[in-house]
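The values are calculated or read from the model by the stated rules, or taken from the named source; none is laboratory data. Quick caveat, the model's predicted, so the values are computed rather than measured. When we count neighbours, we look across all protein chains shown, and the Cβ atoms used for this are built from the backbone with ideal geometry, even at glycine.
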Amino acid sequence: LDDPTRVREMNSPLIATLGEVLERGRKEGTFRGGVDPVQLYVSIAGLSYFYLSNNHTLSAIFGRDLLSAKARNERLAHMCDVILGYLLRD
C-alpha cells in the first residue's frame, strides 16, 4: 500500500473484466445498466469479508458454527442471491 499506483495496477484488470462482464450482460438484456464495477466489487468484498472476519463473534452470538461446510454454502448462496438480485433486470 506504500505505492498506490502499484495497487491500482494490480486491481485494474479485475475491475476492467468485471466492467466487461457487466456491459456484456447489459447488452444481452440480462443485467440492468448503470452498475459501477468498483461499487459492485466493494459490495462483494464487503459481503464476504465481514462474514469471515467476524465469524467467531457471530458464531458465538447466533450459536452456530459459521465456518462449517453447510454454513459456508448457505452464505455463498445468500451472497449470490443478493448480488444477482441487484444485477438482474426485472
*asked:* With the requirement that a residue be surrounded by 14 or more Cβ atoms within 10 Å (Cβ to Cβ), over 25 Å from residue 31 (Cβ atoms) and polar (S, T, N, Q), what does region 42-81 give you?
replied: 55, 59
_Selected residue [at positive phi, out of contact with any strand residue (DSSP E or B) (no Cβ under 9 Å at 6 or more places or on another chain) and modelled with pLDDT of 95 or more] from 34, 19, 85, 46_ = 34
*Mind checking which pairs have a first residue in region 17-39 that is closer than 14 Å to residue 88 by Cα and a second that is small (Gly, Ala, Ser) and part of a helix (DSSP H, G or I), Cβ under 8 Å, 6 or more apart or different chains?*
31/25
